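The structure appears below as structure tokens.
The values are calculated or read from the model by the stated rules, or taken from the named source; none is laboratory data. What you are looking at is a predicted structure, and each value in this text was computed from that prediction instead of being measured. Virtual Cβ from ideal backbone geometry, glycine too; neighbours counted across all protein chains shown.
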Amino acid sequence: MMILIAAFTILHVLFYLKLAHGWIRIPLISSKETLIPFSVVIPVRNEEENIARILHQLAKQNYPKDLFEVIVVDDFSDDQTVSIVNGLKDSLEISIRLIPLIDKQKQGKKHALTAAINAAEHETILTTDADCWFEYNWIKCYNDAFDERTNMVAGPVAIQGKGIFARLQQVEFAGLMGFGAVTISHENPSMCSGANLGFRKSAFEAVGGYTNNLFTPSGDDEFLLFNIMSKFPHSTRFLKSDNAVVKTAAHKKLRSFVNQRTRWTSKWKYNKNWKVRVSAILFFLDYLIFYASIAFSLLGLIDPILIALVILVRFISMLLFVAPINKFLKGRSSFWPLLVFQIIYPLHVLFMGMNSIFGSYTWKGRKYG
């Protein structure tokens, strides 16, 4: 058992130190004078509480109004979302188009995104979600990130909220986002977020869009990332700019948090990227052995001081990686949330791994198994 504990502890520490070094090496985005047009796509379903805010923020973007359009795609909302969008179309000084999905057999986020991309007037697409918000240089940051060689740009996302539960989510997502940023920079992609994503329409069409995963509820962002990076190597980058950060609210209830994470992890079983699958298995084993080592120390089978040192070393390596990213996202101190996470996160990973295989979740009023 000690050999396994030592081996996985070394792998764990080296893994996070490599990620920390990789994050430092990602270059910042520099400004450029040339401006390109964008189509900003927002898929919506029952977003009456959020849609007005994001449309107002887009209207205040520090970018020429004639160089971007906003396409809102309605996925069969049964609240006031459509009415609100129609009411703002004429009052805001930006181009807003509302496209409703019509075929009930073609519903869900990927069908909504596909409809918007097909209708887009511009080559460069930006996607975000209605429950997000961002600074007024968001579009300008993407303009600075795209050049003639770029087919996709993944942007940073931050969790916002008050209280310990929100801060736990904040540091967790900072780690996930940093992991995605580093692996994209290393041409070995793992994840990105559709809440902050840009890509060329021609690249989307060249890989067949979401054809091979259209009816998989989640994964519109990551599957597209894998496909574009596979077909167009060295043409994807991470947008490392604090002006490009997209923010979203932390979950206030544990149930909604588990529901969302189940949706995210459920796409693992559809992922054909063997590196991602191997990584998921190693994460699962790492945390399983971590808990086993704690149990063995409590039973007196392993020296508890030794296990305490293992916990300390693992914590420090994780802190060296997550703290700079959380600071970049303007989050509060990572120390105490990560200290708590060191104990509860392995349980979270183990539970989500099992739940993604055997559990179900609800998303936008629809249940998926």
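Residue 348 fulfils the conditions (1) assigned to a helix (DSSP H, G or I); (2) within 21 Å of residue 250 (Cα to Cα); (3) modelled with pLDDT of 80 or more except for a single criterion, (3). Could you list, in sequence order, the residues of the stretch 236-250 that are over 15 Å from the mean Cα position of the chain (by Cα) and surrounded by fewer than 18 Cβ atoms within 10 Å (Cβ to Cβ)? Answer for the stretch 236-250, where residues must be over 15 Å from the mean Cα position of the chain (by Cα) and surrounded by fewer than 18 Cβ atoms within 10 Å (Cβ to Cβ): 242, 243. Tell me which residues, restricted to the stretch 181-229, are β-branched (Val, Ile, Thr) and part of a helix (DSSP H, G or I). Within the stretch 181-229, 182, 183, 184, 211, 228 qualify. For the stretch 180-228, a residue qualifies if it is under 11 Å from the mean Cα position of the chain (by Cα) and either free of Cβ contacts under 8 Å to residues at least 12 places away in the same chain or under 27 Å from residue 36 (Cα atoms) (or both), and the qualifying residues are 180, 181, 191, 192, 193, 194, 195, 196, 197, 220, 221, 222.
Answer yes if at least one residue in the stretch 164-173 is in a helix (DSSP H, G or I) and acidic (Asp, Glu), and no otherwise. Within the stretch 164-173 (the criterion being in a helix (DSSP H, G or I) and acidic (Asp, Glu)), the answer is yes, since at least one residue qualifies. Is it the case, given these coordinates, that residue 74 is at negative phi, without any contact (Cβ under 8 Å) to a residue 40 or more places away in the chain and either of a type outside the set (Phe, Trp, Tyr) or surrounded by 16 or more Cβ atoms within 10 Å (Cβ to Cβ) (or both)? Judged against the criteria, residue 74 is a match.
Per the conditions (1) in contact (Cβ under 8 Å) with a residue 60 or more places away in the chain; (2) under 22 Å from residue 249 (Cα atoms); (3) crowded, with 16+ Cβ neighbours inside 10 Å, the sole criterion not satisfied by residue 84 is (1). Annotation note: of 121, 93, 148, the sole residue that is in a loop (DSSP other than H, G, I, E, B) and touching a residue at least 40 places away in the same chain (Cβ under 8 Å) is 121. I'm checking my understanding of the structure. Among residues of the stretch 264-302 that are modelled with pLDDT of 80 or more and crowded, with 17+ Cβ neighbours inside 10 Å, which one is farthest from residue 362 (Cα to Cα)? Only one residue tops the list, namely 302. Residues of the stretch 136-159 that are in contact with a helix residue (DSSP H, G or I) (Cβ under 8 Å, 6 or more places away or on another chain), buried (at least 22 other Cβ atoms within 10 Å of the Cβ) and aromatic (Phe, Trp, Tyr): 138, 142. Looking at this structure, is residue 60 under 30 Å from residue 297 (Cβ atoms) and modelled with pLDDT of 95 or more? No: the conditions fail for residue 60. A search for C-beta distances below 7 Å between a residue of the stretch 27-56 that is on the phi > 0 side of the Ramachandran plot and any residue that is part of a loop (DSSP other than H, G, I, E, B), counting only pairs 6+ apart in sequence or on different chains, returns 46/77; 46/78; 46/79; 46/364; 46/365.
With respect to residue 42, is the statement that it is surrounded by 13 or more Cβ atoms within 10 Å (Cβ to Cβ), within 20 Å of residue 241 (Cα to Cα) and among the β-branched types (Val, Ile, Thr) true? Spelling it out, it is not the case that residue 42 is surrounded by 13 or more Cβ atoms within 10 Å (Cβ to Cβ), within 20 Å of residue 241 (Cα to Cα) and among the β-branched types (Val, Ile, Thr).
Results for (1) in a helix (DSSP H, G or I); (2) closer than 18 Å to residue 127 by Cα, shown as yes or no for each residue.
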{"position": "6", "(1), (2)": "yes, no"}
{"position": "14", "(1), (2)": "yes, no"}
{"position": "18", "(1), (2)": "yes, no"}
{"position": "29", "(1), (2)": "no, no"}
{"position": "47", "(1), (2)": "no, yes"}
{"position": "63", "(1), (2)": "no, yes"}
{"position": "66", "(1), (2)": "yes, no"}
{"position": "72", "(1), (2)": "no, yes"}
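For the condition in a strand (DSSP E or B) and among the β-branched types (Val, Ile, Thr), residue 42 qualifies.
Could you list all residues from the stretch 316-340 that are surrounded by fewer than 17 Cβ atoms within 10 Å (Cβ to Cβ) and under 24 Å from the mean Cα position of the chain (by Cα)? Those that are surrounded by fewer than 17 Cβ atoms within 10 Å (Cβ to Cβ) and under 24 Å from the mean Cα position of the chain (by Cα): 320, 324, 327, 330, 332, 333, 335, 336, 339, 340. Please enumerate the residues belonging to the stretch 230-263 that are over 16 Å from residue 151 (Cα atoms), in a helix (DSSP H, G or I) and at pLDDT 95 or above. Residues satisfying the conditions are 243, 244. Among the conditions (1) within 21 Å of residue 62 (Cβ to Cβ); (2) within 18 Å of the chain's Cα centre (by Cα), residue 136 misses just one, which is (2). Note on the stretch 205-223: residues that are over 17 Å from residue 145 (Cβ atoms) and buried (at least 19 other Cβ atoms within 10 Å of the Cβ) amount to 9.
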